Amino acid sequence: MSDFFADDAEPANPPPQRPGNGSRRPRPLVLTLIVMAVLLIAFSLFANIWTEKLWFSSIEYSDVFNKLVWTKIGMFVVFGLLMGLVVGGNLWFAYRLRPMFRPNSPEQANLDRYREVITPIRKVLLFGASAVFAIFAGASATGQWRTFLLWQNGESFGQKDAYFKKDVGFYVFTLPWLHWLVDFMMTALVIGLIAGIFVHYIYGGIRLQSRTDKVSGAAQAQISAMLGLLVLLKGADYYLDRFDLTSASGPLITGMTYAREHAQLPSKNILMAIALVCAILFFANVFRRTWTLPGVGLALFALSAVVLGLIWPALVQRLQVKPDEPDKEATYIANNIQATRAAYGLDDTKVTDYSATTALNTAEVLKSPSIPGIRILDPAIVRDAFEQLQQQKAYYTVQPILDVDNYTVDGVKRDMVVGAREININGLPPAQQKWANVHTVYTHGYGMIAAYGNQRNGAGVEVPLKDSGGQPVFAERSLPPTGVLSSTDDGYRGQIYFGENSPNYSIVGKAPGGKDVELDLPQGGESGGISRASTYDGKDGVEVGGIFNKLLYAVKLGDPNMVLSSRVNSNSKILYDRSPIKRVQKVAPWLTIDKDPLPAVVDGKIVWILDGYTLTDRYPLSEKRSLQDMTSDAISPRPTYATLPTDNINYMRNAVKATVDAYDGTVTLYEWDEEDPILKAWESAFPGVVKSKDSIPEDLLDHFRYPEDMFKVQRNILAEYHVSDPKAFYEANDKWEVPADPDRTTTKQPPYRLSVEPAPGESPVYSLTSVYVPANKDNLTSFMSVGADASDPETYGKFQILRLPDSTQFQGPGNVANQFSVDPKVAEVLRNFKTGTDAGVRYGNLLTLPVGGGLLYVQPLYTVREGSSGKYPVLLRVLATYGKDVGIGTTLSEALENIGQAAATPADGTDTPEVPEPPDGGTGGTGGGGELPTRALQLLAAADRKFTAADAALRRGDLTGYATNVAAGRDLVEQALAVGKKQTKPTQSPTSTAKP
């Protein structure tokens, strides 16, 4: 390399000098501004990195931060140096191998100008170019820390694939890392080759305008060696691609198929051999220095890649597979079914035939142990009731969608709708949203709100809606909190500093000898009308009393008040990154976190409970699906998962249960799936971060639930993979789908948490439930539930799929919703209620559950006063149906007793109902005028039902149903008018005498 750095290596003219005072120097002001800008950027980067370190230290997870930082630094350095060496080495070799004599030509004369500029600064260009590519490569490599750590700490799955007989761990842990290494080296060689070709061209090693000897021998040798390495790496890439066939997506299944095994796999083997031959030819060309053989080999390689990689598999698929696809693919489908069920934790899931009855025995149904626990409070609707009835101040709030949990009351587990009363800065009047208020006074929420899900009071007695005013029956209410959750001797600590709605950051801690300034309880609390203040004394929080930390956070947050305000004193701490999901995600960045954290009162404090998943898209032969699509529904339309490397997955485990203390922010991770090899790999990479499953406190275990996102993924998979026979799977004649939500027909119905009896008469099990309809149909085909109470190991995670008989038509959620909306009894209640009011109607969640050997649908009916600032939903009635009849009542029991008492009304509300003729042949009533005849009144009543059905269809966005019902209603009105006109014509008296 000495020749490259020698000053006389390439003669060059000295740069021209300006006359007079010599070269012009940069102005001091410009240099000062540049230095200041560089220092500011550097300090900003330092502030962000150092404050992250302080944050991790404050919650005692410094080891996680250190592991991440040193892993990324190591990968940056190693792969940055590797890229720099490849690029720099090619530049150095190309310059060193430049021809000493160049023939005169116009091309070389033009290049002389560039050589004169480049040669004096070739050292700077060499190191500069190498450093730039090294920095980009190193930065790119840091993003592969997950792949590297999984490879470094990979575990065996104890299962082998059906084709290559390799352990699943090879596909999940090793194969992605090998792929990345090969891709990185190929990228580095391509960049190095281009850099070398550029130098050869500038210095005459490549002469494009020359008739002969366009490439010098030395340039040929270097280019041949680089191309040989590239082709050799491509051969290695083909070798690895063979294993990718086990997770390749396709129109039929994911994984190996007939065409992939009999065409693509042999193609890759052949291409791998051709690549090896081409590489040998290129290496031989280093000495032979003729492009004939390497060129022919490369052309053959390219042609083979097209023919073998594209045309041959397409022909096999079209000519061999398509004519006999069910039989050709049967084995591959069977392997896909087996692997998919294993990868998604569905090995032992079975479908049970359920001979459901549609005949209602009211007495038997009311005796069912499921009835008292049926939740009629909709957590997606009653949020405003919680807001208006339990939020004494506008600066408190609960989440838009409340949670469902269960607590033991008098020895009985009761389902409850719960919400944490969090601080809401946006609820403050604009004049009060000053920096001191926002960041030092309104720092936390306070307490829990809970309502019985089944509208029964603490004694378990059903409360009629007329007695409760349609309001929830609260189990925990008011400030300070009172109720069953705070009924223990010490109650629970109510302050919520860490929650889903917490401020961006808060400054806590009072000055020595100072007063408490953080609002704890508002006026009207136990302090006799004076707001109670407090000071945070939890262990989390970064100390910002010193000027250095103040400056760091002023830069990080872009807020000079961190330095200027006297509220930031020597005892101050800063609390930030306070969302439970974000805190767990930062502590365990290798987990994907469920989007539904649950607030619960456990052991005298409020904690947030979260579920963490391990995912991969590399499980061999398992079906690959979009996580976002599988977890989307009416409540969570498009969920996002921040740390997921890819949205397409084919393996999922609920590996970790996590908690976040709502007061001091403590994050605790508990091992949940003890058999998950991916979790074991991460535990090896981050030792001590996850606690053992045995260390879970019993009180906490009572509130662990089956996770929603996991259930959504599994129900999506089971819609097809409940079928185990390959032929039936291929024909898709038993394919199911999750029904659309009745109120939002473009999105799927969400799962519901209910207490369900496993078999008639058995004790209900707290479960997560859903239903299926046949593909492209609306009738019900099966009911699905999974035990959701983690404290009950006998039922937790056990699936129950009840398949309904094909011989009987069972209404799906959409059918039932339509039936409720057109039922005469329901319409009459709504008509009477709406008269003279400005209230709107909202239908709650439509619940389905097996009861008494059949299927019971229950739906709460709410009313909301429109245009009112203090509006909140009021539970007006409870709707129920069992079979074909509808019941309505002020309690669920009343609704069940009411089933079957209504006159039959067409379920779909589209056919014109038959209106019976009156006994007098259509001339009922007085007939002569004044009052309308009975026949006309009946027709008008039927028309009114049609118009009510039209209104319901319009609310659902069903324009066809709306138009059909309106037309039918108008026809009935015209019939009524015709009857009225006929009856009001003068009639001849029976006693009159006709004239001759």
TODO: Give me the percent of Cα-Cα pairs in the range 586-803 that sit more than 21 Å apart, rounded to a whole number.
DONE: 59
- [ ] Treat the count of other C-beta atoms within 10 Å as a stand-in for reagent exposure and order 780, 300 from fewest to most.
- [x] 300, 780
Task: Rg over Rh, two decimals, the range 633-716 (C-alpha only, Kirkwood Rh) - done: 0.98
TODO: Write down the radius of gyration of the range 245-313 and its Dmax, each obtained from C-alpha positions, in Å.
DONE: 15.5, 50
- [ ] Report the FRET efficiency, 1/(1 + (r/R0)^6), for residue 40 and residue 114, where r is their Cβ-Cβ distance and R0 is 41 Å, rounded to 0.05.
- [x] 0.65
Task: Reference-scaled alpha-carbon Rg (2.2 N^0.38 Å with N residues) for the range 305-404 - done: 2.19
Open item on the list: How would 243, 947, 136 line up from fewest to most surrounding beta-carbon atoms within 10 angstrom?
Closed with: 136, 947, 243
Task: Mean projected area (nm²) of the alpha-carbon convex hull when the range 374-540 is viewed from all directions - done: 11.4
Task: Translational diffusion of the range 454-504, µm² s⁻¹ [Kirkwood Rh, Cα pairs; Stokes-Einstein; 20 °C; 1.002 mPa s] - done: 161
Open item on the list: Quick check: pseudo-label points 7 Å beyond the Cα along Cα→Cβ at residue 125 and residue 831, how many nm apart are they?
Closed with: 9.1
Task: Distance in nm between pseudo-label sites at residue 310 and residue 105 (7 Å out along the Cβ direction from Cα) - done: 3.5
- [ ] Filter the DSSP H helices in the chain by two things, a Kyte-Doolittle mean of at least -0.5 and an axial alpha-carbon span of 24 angstrom or more, and list the hits by number.
- [x] 28-58, 62-96, 122-142, 175-202, 217-244, 265-288, 934-955, 959-983
Task: Under 13 Å from the Cα of residue 268 - aspartates and glutamates, other chains or at least 8 residues apart - done: 237, 241, 244
Open item on the list: Quick query: amide H of residue 624 versus all other amide H atoms, modeled in the peptide plane; which residues come in under 5 Å with a sequence gap of 5 or more or a different chain?
Closed with: 254
Open item on the list: Antiparallel versus total DSSP beta bridges in the range 586-803: what percent is that, nearest 5?
Closed with: 95
TODO: Using amide H atoms built 1.01 Å from N in the peptide plane, name the residues 5+ places from residue 496, or on other chains, whose amide H lies under 5 Å from its own.
DONE: 445, 446, 447
TODO: Show that you can apply the helix-only estimate: for the chain, add -39,500 (n - 2.57) for every DSSP H stretch of four or more residues, divide by all residues, and state [θ] at 222 nm to the nearest 500.
DONE: -12000 deg cm²/dmol
TODO: Mind jotting down the three principal axis lengths of the range 36-145 based on Cα atoms? Whole angstrom, largest first.
DONE: 72, 32, 17
- [ ] Taking H placed 1.01 Å from N in the peptide plane, check which residues at least 5 places from residue 781 or on another chain put their amide H under 5 Å from its amide H.
- [x] 772, 773
Task: Per-pair calculated FRET efficiency, R0 = 25 Å: residue 759 and residue 731 via Cβ, rounded to 0.05 - done: 0.20
Task: Simple label model, 7 Å out from Cα along Cβ direction - residue 408 to residue 577, nm - done: 3.7
Open item on the list: Over the Cα atoms, compute the radius of gyration (one decimal) and Dmax (the largest Cα-Cα distance, rounded to a whole number) for the range 657-701, in Å.
Closed with: 11.4, 34
Task: the range 703-788 - Rg and Dmax from Cα coordinates, angstrom - done: 14.1, 43
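All of the numbers you see were taken from the coordinates with simple rules; none came from a lab. These numbers were taken from a predicted model, which means no experiment stands behind them. Note that each Cβ is placed from the backbone with ideal geometry, even for glycine, and that neighbours are counted across all protein chains shown.
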